[in-house]
1. Could you compute how much accessible surface PHE289 exposes when probed at 1.4 Å, giving the result in Å² to the nearest 10?
2. Three principal axis extents, largest first, for the C-alpha atoms of the chain, in Å?
3. Using only the alpha-carbon atoms of the range 47-110, report the extent along each of the three principal axes, biggest first, to the nearest angstrom.
4. Given 0.36 nm per residue, what is the gain on full extension from GLU168 to ASP255 after removing their alpha carbon distance, in nm?
5. Residues with amide H under 5 Å of PHE56's amide H, sequence separation 5 or more or different chain, H placed in the peptide plane at 1.01 Å from N; which?
6. Starting from the amide H of VAL135, placed 1.01 Å from N in the peptide plane, find each other amide H under 5 Å away whose residue is 5 or more places distant or on another chain.
7. Mind ranking TYR44, TYR263 by accessible surface for me, highest first, 1.4 Å probe?
8. Using a Förster distance of 51 Å, how high is the FRET efficiency between GLU133 and THR65, based on the Cβ-Cβ distance and rounded to 0.05?
Amino acid sequence: MKESINLLITGPLGHIGSRFIHAMNSNNRINKIVLIDNFSTLRYPSLFNLPANTHFKFIEGDILTFDFEEILKDIDVVLHLAAMTDAANSFEHEELVMKVNFEGTRRVAQACAKANVKMIFLSTTSVYGTQEEIVNEDCSLDQLNPQSPYAKTKLMAENFLVDLATRETGFKFTICRFGTIFGTSVGMRFHTAINKFIWQAVMDQPITVWKTALHQKRPYLSLSDAVRALFFIIEQNTFFNQIYNVVSLNISVNDIINEIKKYVPDTKIEFVESKIMNQLSYHVENKKFIDLGFTFTGALSEIEETVKLLKEANSSKNIQV
Ligand SMILES: NC(=O)c1ccc[n+]([C@@H]2O[C@H](COP(=O)([O-])OP(=O)(O)OC[C@H]3O[C@@H](n4cnc5c(N)ncnc54)[C@H](O)[C@@H]3O)[C@@H](O)[C@H]2O)c1
């Protein structure tokens, strides 16, 4: 690979992408970044005050219709983040989720294969949905049991990439099964477990926990590890057509609530029903990614930053509504 790297990111304005693009500094080998987002989640502020040391080019575009051919001529790696990401709500929008997460990824992958451009695809540890206690990437396909349309479409997209690489032998990809993200970014969202719990606690709402979930372990990924992992893959050129679990820690909802209580001591819990709560506890191994040379350093204590960001939004406790 040549010295400086030209990158294209789909869905760069979201929770993960916005932290990544704002983390660019002069030590990175990435020289130019093309950003393509359709503003479906309206995160305009993610484009404000981007680091001046990198050449950015923003294009308002949709992965379902954008013609990638011309632009990929000058690109080394595509970081494909664009997706419909709200797993719990994906039951209500199955068709659209299938379109964006599967058809969209198929379009991006085919364009990469045609242009000889490497691709990073962000999948999810929700593809496991399994009843084994410890799971890793060697799980056979019939052991994977995604519980939501979101996770199903991610698994379908993974399979498409693997299959495409057997037909288009020049196609190089890395699939990352990310744990649920926690941590702050300018385009951050609050619909996934840890961030949502922090929001509820700080806003004096009870934390809504799925009835069966309090002591079940799940895989999580700090945003700092997530961004370091993406730089690692791009700069170390680790494109071996492999799938990696990218997970900082496996913890229970109870562990998360205990951490939140350090900052919001009067946090309350309310148990609720959910369509995706019939999974058992599981632990996702991250050894395969560590064996590539990556070190996970993310810790749950990073949630203090999220609490701090929100605290002033509910500092006037004597206003009754
Ligand atoms: N956040 C997590 O906990 C988590 C965990 C595992 C995997 N992932 C995956 O990582 C990726 C990024 O996640 P995120 O949390 O930053 O998501 P996000 O929802 O915060 O951001 C997604 C971005 O994609 C854009 N987008 C959506 N549809 C598009 C389309 N058709 N064309 C162009 N742009 C489009 C949105 O406008 C948004 O800016 C996703 O693929 C997600 O599935 C996220």
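1. Its accessible surface works out to 0 Å², give or take rounding.
2. 58, 47, 38
3. Here the spans come out as 41, 29, 17 Å, largest first.
4. 26.8 nm
5. Here ILE33 satisfy the definition.
6. Residues meeting the amide H criterion: HIS283, VAL284, GLU285.
7. Result of the area sort, largest leading: TYR44, TYR263.
8. 0.70
The values are calculated or read from the model by the stated rules, or taken from the named source; none is laboratory data. Since the structure is predicted, the reported quantities are computational estimates derived from the model, not experimental observations. Every residue, glycine among them, receives a Cβ derived from its backbone with ideal geometry; neighbour counts consider all protein chains shown. Ligands, DNA and RNA are stripped out before the accessible areas are found, and what is left, the full protein with its side chains, is counted by its heavy atoms. Shrake-Rupley method; radii C 1.70, N 1.55, O 1.52, S 1.80 Å.
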